[in-house]
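The values are calculated or read from the model by the stated rules, or taken from the named source; none is laboratory data. Since this is a predicted model, take the numbers as computed values, not measurements. Note that we place each Cβ from the backbone using ideal geometry, even for glycine, and neighbour counts take in every protein chain shown. What goes into the accessible areas is simple: the full protein's heavy atoms, side chains included, and nothing from ligands, DNA or RNA. Shrake-Rupley method; radii C 1.70, N 1.55, O 1.52, S 1.80 Å.
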Amino acid sequence: MSSVSFVPFKTYVVGGAVRDMLLGLPVKDRDHVVVGATPGQMQAQGFVPVGKDFPVFLHPETHEEYALARTERKIAPGYTGFAFHAAPEVSLEQDLQRRDLTINAIAIDSDGSLIDPCGGQSDLQKKIFRHVAPAFAEDPVRILRLARFAARFTEFRVAAETLALMQQMVQAGEVDALVPERVWQELARGMMETQPSRMFAVLRDCGALARILPELDALAIDQQVYKQLMSAVDGAARLHHALAIRFAVLLQDVPPGEAAAAAICARLKVPKEVRDLALMAAREQRLIAGAAAMDAAAIVSLLERCDAFRKPARFLDCLTVVQCKYGELGDAGKTHAPLLATALSAAQAVPAGQLAAAVSAQYSDQLSTRIPQAIQAARIAAVAQALQ
Ligand code: ATP
Ligand code: MG
């Protein structure tokens, strides 16, 4: 800190770090606001500029983020259509006014005093998500952020006036201006929270779900089906499963089958690994859930289709996805995962290399069909034996 101890400006910790501290939660990363400085003064103190659109710097030693206090003004549709004004005369209070929620608009100064002009502490106590100002409506990302906070802070409720504002934003088409990458980024983060169903509930309540995931919204016509799906997704979160598993669980029924899942993944530009598991699970879930009735040949063909010999971990993940869904239903499908995992181990134990060598020694023609056939037959025999 020595290089910045005689700074001519004031800094405050703001946002999530203050909120989490007041909630008694561990603080991950601290964001700072700087009041009274120019970019030149910051750099003279050794801060490293990193902001593309507005002046943000990294502290030379702690590498924490320091943003110059700024105001913003909407100049074009969409969440990127902002003009920023960062200047030494912008006050802390002005900077807090442009923030999304009151609970995210509390600052703390270097003496530990709280600056809370938006009523954030009161809303933390009442467990309420409330927007700071009508300018909330200028950025639809805030809807996604609020929804994802709902999945994390599971006892919080959305203020009636904030919900009404979000509904207006959706009706005005604001959500349609979001780029898929940003929607996916926020959805993925919300899926990784404690209770992802609460994110979808907020998105449904304000009408945004019908715009970003209409397939899921349509599913809610049947409350029973929707509730089961949401409890399967929450179950996957309770078991701390990875994003790919949680997302694949979500796409099991929207509507069933690979094509609908593929369309959603393409629209949201879902990353390849996440997409591949979701599509595999959507395609094979019924078969996997009914594995007890499959013979060895059908199981080996399932393993081949799923590329389970080259990617065994992904196949086991696929079993977990189906388990999350059918486990919640208390279905007979509960037994499929151990059964198929046993089958996979047995089939993996077949010495494919040795078999190939033996076939090559015995025959001189049609090796490209004889070798795979021999390996497949040996795998079927091994699975049949293992399942006896
Ligand atoms: P997390 O714990 O997920 O990091 P956070 O509240 O710290 O939550 P950040 O994305 O780190 O979220 O943003 C830091 C702060 O910046 C927020 O607390 C909020 O005050 C403000 N902020 C971030 N994104 C927006 C936005 N789209 N609109 C308004 N304010 C925002
Ligand atoms: Mg943060």
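The table for this structure:
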{"item": "Total lysine pairs under 24 Å (Cα atoms) in the chain, excluding pairs fewer than 8 apart on one chain", "result": "15"}
{"item": "Per residue solvent-accessible surface (Å²) - region 1-145, probe of 1.4 Å", "result": "48"}
{"item": "Loop trypsin sites (Lys or Arg not before Pro), region 24-121 (other Cβ atoms within 10 Å of the site Cβ: 13 or fewer; DSSP)", "result": "Lys28, Lys52"}
{"item": "Stretch gain in nm, segment His85-Ala298, where the contour uses 0.36 nm per residue and the Cα spacing is subtracted", "result": "70.2 nm"}
{"item": "Surface accessible to a 1.4 Å probe, Met192 within the full protein complex, Å²", "result": "90"}
{"item": "Beta bridges per DSSP with both ends in the chain, % antiparallel, nearest 5", "result": "75"}
{"item": "Given charges at beta-carbon only (K, R positive; D, E negative), |dipole| of the chain in Debye", "result": "660"}
{"item": "Value at 222 nm in deg cm²/dmol, rounded to 500, when DSSP H runs of n ≥ 4 in the chain each add -39,500 (n - 2.57)", "result": "-16000 deg cm²/dmol"}
{"item": "Protection-proxy order for peptides 89-96, 175-182, each taking the mean of Cβ atoms within 10 Å per residue, highest first", "result": "89-96, 175-182"}
{"item": "Under-5 Å amide H pairs with Asp31, H placed in peptide plane, nonlocal only", "result": "Val14, Ala17"}
{"item": "Amide H partners (placed H, <5 Å) of Lys10, local residues excluded", "result": "Val35"}
{"item": "Where chymotrypsin sites (Phe, Trp or Tyr not before Pro) in DSSP loops with at most 13 other Cβ within 10 Å are excluded, longest remaining stretch of the chain", "result": "7-362"}
{"item": "Hz values of 3J(HN,Hα) by residue in region 139-152 - Karplus curve (6.51, -1.76, 1.60), Gly and Pro given as x", "result": "9, x, 4, 4, 5, 5, 4, 4, 4, 6, 5, 4, 6, 8"}
{"item": "Distant-in-sequence amide H partners of Ile128 (H built 1.01 Å from N, under 5 Å)", "result": "Arg157"}
{"item": "Derived scalar couplings ³J(HN,Hα) [region 229-243; Karplus, 6.51 cos²θ - 1.76 cosθ + 1.60; whole Hz; x for Gly, Pro]", "result": "5, 5, 6, 5, 5, 5, x, 5, 5, 4, 8, 6, 5, 5, 3"}
{"item": "Heavy-atom accessible area per residue - region 289-377, 1.4 Å, Å²", "result": "50"}
{"item": "Dipole of the chain, positive direction: furthest Cα of Leu146, Val14, Tyr326, with charges on the beta-carbon", "result": "Tyr326"}
{"item": "Paired Rg and Dmax values of region 1-143, which use every Cα atom, in angstrom", "result": "15.2, 44"}
{"item": "Options Ile103, Gln195, Ser113, ranked by Cα towards positive dipole end of region 72-212, top entry (Cβ charges)", "result": "Gln195"}
{"item": "Of all accessible heavy-atom area on region 128-230, the percent that carbon and sulfur account for (1.4 Å)", "result": "50"}
{"item": "Neighbour-limited loop hits for GluC sites (Glu not before Pro), region 120-176 (at most 16 other Cβ within 10 Å; DSSP other than H, G, I, E, B)", "result": "Glu155"}
{"item": "Compactness index (Cα Rg / 2.2 N^0.38 Å), the chain", "result": "1.27"}
{"item": "Within the accessible area of region 338-388 (1.4 Å probe), percent carbon and sulfur", "result": "55"}
{"item": "Among Ala293, Ala343, Ala361, residue whose mean-square fluctuation peaks in a GNM of the chain (springs only between Cα atoms under 10 Å)", "result": "Ala361"}
{"item": "Spin-label model distance (nm) - Ile221 vs Ser110, 7 Å beyond Cα toward Cβ", "result": "6.2"}
{"item": "³J(HN,Hα) computed for each position of region 165-180 - Karplus, 6.51 cos²θ - 1.76 cosθ + 1.60, integer Hz, glycine/proline x", "result": "5, 5, 4, 4, 4, 5, 5, 6, x, 4, 5, 5, 7, 6, 7, x"}
{"item": "Region 230-357 - charge dipole about Cα centre, Lys and Arg +1 at Cβ, Asp and Glu -1, debye rounded to 20", "result": "340"}
{"item": "Difference of contour (0.36 nm per residue) and Cα-Cα distance, Thr62 to Thr369", "result": "104.4 nm"}
